[in-house]
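What follows is calculated from the coordinates using simple rules that are stated; it is not laboratory data. Just so you know, these numbers come straight off a predicted model, no measurement behind them. No Cβ is skipped: glycine too gets one built from the backbone with ideal geometry, and neighbour counts run over all protein chains shown.
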Amino acid sequence: NADMRGIFSALLVSYNEDGSINEKGVRQIIRHNIDNMKVDGLYVGGSTGENFMLSTEEKKQIFEIAKDEAKNEIKLIAQVGSINVYESVELAKFATELGYDAISAVTPFYYKFSFNEIKDYYNTIIDSVDNRLIIYSIPFLTGVDMSVEQFGELFENEKIIGVKFTAADFYLLERLRKAYPNHLIYAGFDEMMLPATVLGVDGAIGSTFNVNGIRARQIFDLAKEGKIEEAREIQHVTNDLISAILSNGLYATLKELLKLSGVDAGYCRKPMALTTDAQVEEAKNIFDKYVK
Ligand code: NGF
């Protein structure tokens, strides 16, 4: 599974003001990631794509657009997780038929599912397709924490090849790295990429790579080469940028920064709010300081 290592942007999706998908804008975001951010791949249908607010048909449409635009230029991962496992299976089949290189699924959320239920969810999804699966673990949004042993039980299914680890628990990350040296681990928090890379992650999946992909790759490569001080300097600039983005509203600001780069990134989708004038103004300052 070494083909899946590297830097993956969590794809932002351009929506029109009425919430419909702006296909032209989505294509431009994809091109910007490939041509200017030089990413190795895209993570399609994640939190960053505002995926959990979409209908099944809309999710499929985004998978289709991404594959049609990216073709085989980069790797594509389709996030198909949903607390409706039947929808996940349908999406997994759809993305596999489109030729996605792997699928991923968030841990099922909202209800307090037992570990056995979570395991059944993952096996149900991946056993329905001829593909590979990456677990999406994001405990701060889902409330689902899993132990080293529980990850091991999931990895008993050979088609489950890794985890997208969006957590600040570096002890757990180190334990997972030691226990499963042949599974893929992706760093999920862009602001913690350097420590995660030092601990041996295989790649990273992040929202801010849509605008900061070049620095992200520098941090990753320098850390892999053991050039920690140089990597730290770039992480410092990156985190000045990320903290400014987070203070101004994550997805709205990323979209404004893309617009300032000439990409029609559109609006966020309800119930996310429309961007205010003050946010737009602040995004210009952020752009001039860190992105231009
Ligand atoms: O946006 C979130 C969650 N996390 C992303 C990323 O882990 C999510 C992260 O890049 C993702 O990949 C996806 O599913 O779309 C952060 O936005 C970033 O580190 C800033 O905190 O809130």
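In terms of surrounding Cβ atoms within a 10 Å radius of their Cβ, ASP288, ASP202 rank from fewest to most as ASP288, ASP202.
Within 10 Å of each candidate Cβ there may be at most 14 other Cβ atoms; applying that plus a DSSP loop requirement, which trypsin sites (Lys or Arg not before Pro) in the stretch 95-147 survive? Hits after loop and neighbour filter: LYS112. Under a Cβ-Cβ cut-off of 15 Å, what is the net charge of the residues other than PHE115 that fall near it, where Lys and Arg count +1 and Asp and Glu count -1? Overall, the nearby charge balance is -4.
Projected label points at ASP277 and SER128, each 7 Å from Cα along the beta carbon direction, are separated by 4.8 nanometres.
Mean-square fluctuations from a GNM of the chain, with a 10 angstrom spring cutoff on Cα atoms, peak among GLN150, GLN235, GLN28 at GLN150.
For the pair ASP18 and TYR111, the difference between a 0.36 nm per residue extended length and the Cα-Cα distance amounts to 30.4 nm. With the alpha-carbon atoms of the chain aligned to their principal axes, the span from lowest to highest coordinate is 49, 46, 36 Å, starting with the largest.
The Cβ shell under 14 Å around ALA105 holds other residues with a net charge of +1, Lys and Arg each +1, Asp and Glu each -1.
Sorting GLU191, GLU281, GLU158 from the fewest to the most surrounding beta carbons within 10 angstrom yields GLU158, GLU281, GLU191. Here the relative contact order of the chain, from alpha carbon pairs under 8 Å that lie six or more residues apart, stands at 21 percent. Were the residues from LYS178 through ASN1 laid out at 0.36 nm apart, the gain over their Cα-Cα distance would be 62.0 nm. The gain in end-to-end length when the LEU141 to GLU97 segment is fully stretched comes to 12.9 nm, 0.36 nm per residue minus the alpha carbon separation. Counting charges near CYS268 (Lys, Arg +1; Asp, Glu -1) among other residues having Cβ under 13 Å from its Cβ returns a value of 0. Phi angles of the stretch 104-112 translate, via the Karplus equation with coefficients 6.51, -1.76, 1.60 and θ = phi - 60°, into HN-Hα couplings of 9, 9, 5, 4, x, 10, 6, 7, 8 Hz per residue; Gly and Pro are given as x.
Sorting ASP190, ASP264, ASP3 by the number of Cβ atoms found within 10 Å of their own Cβ, with the fewest placed first, yields ASP3, ASP264, ASP190. Which trypsin sites (Lys or Arg not before Pro) does the stretch 1-63 hold that lie in a coil by DSSP with at most 15 other beta carbons within 10 Å? In loop regions of the stretch 1-63 (DSSP not H, G, I, E or B), the sparsely surrounded trypsin sites (Lys or Arg not before Pro) are LYS38. Taking the Cα of ASN84, stepping 7 Å toward and past its beta carbon, and measuring to each backbone N in the stretch 47-61: which are under 19 Å? Output list for this probe position: 47, 49-61.
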